[in-house]
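A quick write-up on the structure given underneath.
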Amino acid sequence: MIRWVARLYPTKWRNRYAAEFDALLTEIAPSLRDVCDVLGHALRVRATASIEACMMSAAVSGTPLRIPVVVSVTAHALMISLVVLASWGYVTPMPLHVATAPLPPPTPEPPPQVTDARVFPDAGSLYSSLPLRMPVEGDASRLYVAEGVGINFLSLPDIGATYRQGNTEWRVWPGQALEGLIVRRTLPEYPRAIKTRGAVSVFVEYLITRDGSVKVLRTSGPAPFTSAAQSAIEQWVYRPLEYENRPCEVVSRVEVRFDSEFAESGMSR
């Protein structure tokens, strides 16, 4: 192998040193390292000879020395590539640590509420915000009263009636009959900035759509109170309703009453 590598030397070098090189090989047992040394030296000699020839040619012709520069850059690039390939398996990649900002704390759930029994004293039911948070062990399950706010589902003279609007069919049904289907309810808040005295009733007609969400159709009452009632009721969610095994949309009506006397008594506690 070392004799084959020696053929890479230029012809001028082989004619001058071939006999001495063969005599040296008969006296030693060349190793792989010796082969690599001869290969490197042969390439350097050949590159040097090429550069000298190019320089002599350039001196004669007067052309710029571009070829020697290209040869030199190529030789250096080759050596750098060999070094990189040889050391590739010895380089340990550094672990990548990406700093992430801490997540913000979760928004605390609002406390569970129940309507004020004093607002509708003759009503047989109170209504709470849903879903109710299950109490943690050691935590008392306490309901907070929505002071001065009451809900009363109205008796409907047109119960069971069907209304059509284009391809949509609405069926009228009382809200208290749908209590088993409601999954989320938000209670209205008393408008604190209002100076109205006494009790104010707001009547709301709302639609339960096919996906269970609620859309307010009509309201009746003073503007600040209708806004408070509508904002809360449109957050209600029901399970999708069916009639005769078909999805349907239901219209219902509710009275929301705001009483300033009870609201103020709650604030003064």
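I need the shape label for segment 119-246. Rule: rounded when a/c is under 1.5, else prolate if a/b > b/c, else oblate, with a, b, c from the alpha carbon gyration tensor. Walk me through the numbers before you get to the answer.
On the way: a/c = 1.96, a/b = 1.25, b/c = 1.57.
The shape class here is oblate.
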Whose amide H sits under 5 Å from the amide H of Val216, counting only residues 5 or more places off or on another chain, with H placed in the peptide plane?
-> Leu207
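Expressed in nm to one decimal, what extension gain is obtained for the pair Arg218 and Thr100 from 0.36 nm per residue of sequence separation less their Cα-Cα distance? Please list the in-between numbers first.
Values: separation 118, 0.36 × 118 = 42.48 nm, distance 4.83 nm.
Net length gain for the segment: 37.6 nm.
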Distance between modelled label sites at Leu39 and Arg164, nm, 7 Å Cα→Cβ extension = 9.1 nm
Segment 190-251: trypsin sites (Lys or Arg not before Pro) in DSSP coil with no more than 14 other Cβ atoms inside 10 Å = Arg192, Lys195, Arg197, Arg210
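Which GluC sites (Glu not before Pro) in segment 186-269 sit in a loop by DSSP (not H, G, I, E or B) and have at most 10 other Cβ atoms within 10 Å of their own Cβ?
Values: sites: Glu189, Glu205, Glu234, Glu242, Glu244, Glu249, Glu255, Glu261, Glu264; in loops: Glu189, Glu234, Glu244.
Counting only loop positions with at most 10 other Cβ atoms within 10 Å, the GluC sites (Glu not before Pro) in segment 186-269 are Glu244.
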By average Cβ neighbour count within 10 Å, what is the ranking of 116-124, 163-171, 225-233 from highest down?
-> 225-233, 116-124, 163-171
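Share of segment 124-265's accessible area from carbon and sulfur, percent, 1.4 Å? Please list the in-between numbers first.
Numbers: 3970 of 7990 Å².
Heavy-atom surface of segment 124-265 belonging to carbon and sulfur, 1.4 Å probe: 50 percent.
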Formal net charge of residues neighbouring Val114 (Cβ-Cβ distance under 13 Å; K, R +1; D, E -1) | +1
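The values are calculated or read from the model by the stated rules, or taken from the named source; none is laboratory data. Everything numeric here is computed off the predicted structure, so don't read it as measured data. Ideal geometry is used to build each Cβ from the backbone, glycine not excepted, and the neighbour counts take in all protein chains shown. Accessible surface is based on the protein model in full, side chains and every heavy atom, while ligands, DNA and RNA are left aside. Shrake-Rupley method; radii C 1.70, N 1.55, O 1.52, S 1.80 Å.
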